[in-house]
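Visitor: What follows is a single structure, and I will ask about it in a moment.
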Amino acid sequence: MDLSCKSEYALLALIELSAHHASGEPLQIRQISSKQNIPDRYLEQLLATLRRAGVVKSQRGARGGYLLAREPWKISLYDVVSCIEGFDGQPDADRTPATSEAMVIQDVWGEVRQAAEEALQRYTLQDLLDKRNAKQQLDIMYYI
């Protein structure tokens with residue numbers, strides 16, 4: 001299982017918004033885009049999706065841009081990835097496997113999906129920000 005490019009870009013943008021959350025100042029798309037190397041148009045679409053899901057909010061005007069809708073420690077990675085990827089509930093729950101082999105595969109895949117969802121629910125944007133900050137500190141110390 002891989003993280004899609006779409007989800008990765010969304011998480012990168014949200015880490016940037018999390019880093020500026022305490023200031024209360026919105027970030028413009030071009031600021032996030034240049035800092036995280038995300039194409040502007042693509043980022044605009046992702047932020048619109050996240051806004052509709054209530055993860056971010058937008059502010060109009062000359063000093064407008066995007067802000068997190070909640071504190072970074074209240075937004076789980078599951079909130080973000082499920083919004084971007086659109087998964088909900090059990091896929092094919094009403095489809096009965098035709099063979100015992102198909103049933104076994106469906107059962108195992110259900111366990112994999114559940115484990116992934118539990119991990120995504122365990123981590124928040126604050127956790128990602130903290131890990132990023134710790135990594136940056138290690139990188140700085142390495143060069144001293």
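Visitor: Work out how much length SER76 to ILE105 would gain on full extension: take 0.36 nm times their residue separation and subtract the Cα-Cα distance, in nm to one decimal.
Guide: My answer for the length gained is 7.6 nm.
Visitor: So, with +1 on the Cβ of K and R and -1 on the Cβ of D and E, and no other charges, what is the size of the charge dipole of the chain about its Cα centre, to the nearest 20 debye?
Guide: For this selection, approximately 920 debye.
Visitor: Another question, if that's okay. Rank these residues by their accessible area, most exposed first, probe 1.4 Å: ARG113, ARG60, ARG51, ARG95.
Guide: From most accessible down to least: ARG60, ARG95, ARG51, ARG113.
Visitor: If R₀ is 30 angstrom, what is the calculated FRET efficiency for the pair GLU118 and GLN45, using the beta carbon separation as r and rounding to 0.05?
Guide: 0.55
Visitor: Which listed residue (GLY86, PRO72, SER58) has the Cα farthest towards the positive end of the charge dipole for the chain, taking +1 on Lys and Arg C-beta and -1 on Asp and Glu C-beta about the Cα centre?
Guide: SER58
Visitor: Taking 8 Å as the Cα distance limit and 6 or more residues as the minimum spacing, I'd like the relative contact order of segment 13-79 as a percentage.
Guide: In percent, rounded to a whole number, it is 36.
Visitor: In the full protein assembly as shown, how much of GLU16 is accessible to a 1.4 Å probe, in Å² to the nearest 10?
Guide: Number for this one is 10 Å².
Visitor: Now for a separate question. Using a 1.4 angstrom probe, figure out how much accessible area the chain has per residue, in square angstrom, rounded to the nearest whole.
Guide: 67 Å²
Visitor: Okay, next question. Does anyone have the angle between helix 125-143 and the longest principal axis of the chain? Alpha-carbon axes, 0 to 90°, nearest 10?
Guide: 60 degrees
Visitor: Compute the relative contact order of segment 53-137 as a whole-number percentage, counting only Cα pairs closer than 8 Å that sit 6 or more residues apart in sequence.
Guide: Reported relative contact order: 35 percent.
Visitor: Can you compute the equivalent ellipsoid semi-axes for the chain, i.e. the square root of 5 times each eigenvalue of the Cα gyration tensor, sorted largest first and rounded to whole Å?
Guide: Its equivalent ellipsoid spans semi-axes of 33, 20, 13 Å.
Visitor: Go through SER23, SER33 and list them by solvent-accessible area, largest first, probe radius 1.4 Å.
Guide: Highest to lowest solvent-accessible surface, that is SER23, SER33.
Visitor: On to the next question. With a 1.4 Å probe and every protein chain kept in, tell me what percent of the accessible surface of the chain is carbon plus sulfur.
Guide: The nonpolar share, carbon plus sulfur, comes to 52 percent.
The values are calculated or read from the model by the stated rules, or taken from the named source; none is laboratory data. These numbers come from a predicted model, not from an experiment. Positions of Cβ are backbone-derived with ideal geometry, glycine not excepted, and every protein chain shown enters the neighbour counts. Ligands, DNA and RNA are excluded from the accessible area calculation, which covers all protein heavy atoms including side chains. Shrake-Rupley method; radii C 1.70, N 1.55, O 1.52, S 1.80 Å.
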